[in-house]
1. Looking at region 92-102 only, could you name the residues that are closer than 19 Å to V13 by Cβ and either buried (at least 16 other Cβ atoms within 10 Å of the Cβ) or in contact with a Ser or Thr (Cβ under 9 Å, 6 or more places away or on another chain) (or both)?
2. Among the numbered criteria (1) in contact with a His (Cβ under 9 Å, 6 or more places away or on another chain); (2) over 14 Å from A138 (Cα atoms), which one does A42 miss?
3. Out of all the residues in region 103-149, which are within 16 Å of A89 (Cβ to Cβ) and over 20 Å from the mean Cα position of the chain (by Cα)?
4. Keeping to region 63-91, report how many residues are small (G, A, S) and surrounded by 12 or more Cβ atoms within 10 Å (Cβ to Cβ).
5. Report whether or not L119 is in contact (Cβ under 8 Å) with a residue 40 or more places away in the chain and either in a helix (DSSP H, G or I) or out of contact with any Gly (no Cβ under 9 Å at 6 or more places or on another chain) (or both).
6. Quick check on region 5-48: of everything there that is crowded, with 17+ Cβ neighbours inside 10 Å, without any contact (Cβ under 8 Å) to a residue 60 or more places away in the chain and β-branched (V, I, T), which residue is nearest to V70 (Cα to Cα)?
7. If I filter region 119-138 for residues that are among the charged types (D, E, K, R) and more than 18 Å from H24 (Cα to Cα), do I get at least one hit?
Amino acid sequence: MTPLLVYTLITHVMTGILAIGLVHLVFMHFLKKAPSWKYLQALSGWSVILFLVSWATSAFYYVTYYGKAVKPKIMGGAYPWAHQVFMEAKEHVFVLLPFLTLALWLMIRLLAKEQDEKLKKAAMFVAFITLSLGAFIALSGILISGAVR
């Protein structure tokens with residue numbers, strides 16, 4: 001693997017984990033009676049950016065290296081189901097994360113202008129779903145990485 005691919009993979013993993021962490025912070029701040037909407041806008045805005053960077057770097061890594069070098073090892077190894085189940089699910093679910101965080105950011109911007117309890121609950125639900133899907137994707141990545149060995 002070339003240094004560019006190593007750095008691409010590291011960037012993918014780190015930006016994804018940071019984005020999940022920021023969504024977790026957003027979710028936890030929703031539990032406050034009076035969250036700082038400006039702070040939540042910043043957190044959710046950065047999560048959108050980080051998920052997009054993670055998305056782009058994973059696409060580059062998958063197209064240039066994973067499909068040719070890693071996937072055949074997994075499929076020929078003891079755990080081909082790791083790719084068949086978890087990687088396939090990860091590929092499809094991961095597409096949602098930037099859009100969910102964008103929706104979350106827009107909801108928070110609306111909440112900053114006008115407090116609405118129903119919208120706050122909906123935004124909290126979107127944050128929870130995004131956090132849950134992000135955790136699933138991160139755990140799937142760990143499982144898939146383990147299947148390569």
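Nothing in this text is a laboratory measurement; each read-out follows from the coordinates by a stated rule. If you're wondering where the values come from, they're calculated on a predicted model, not measured in any experiment. Don't worry about glycine lacking a Cβ; one is built from the backbone with ideal geometry, like all the others, and counts go over all protein chains shown.
1. Hits for region 92-102 are V93, F94, L96, L97, P98, T101.
2. (1)
3. A147
4. Qualifying residue count for the region: 4.
5. No, not satisfied.
6. T8
7. no
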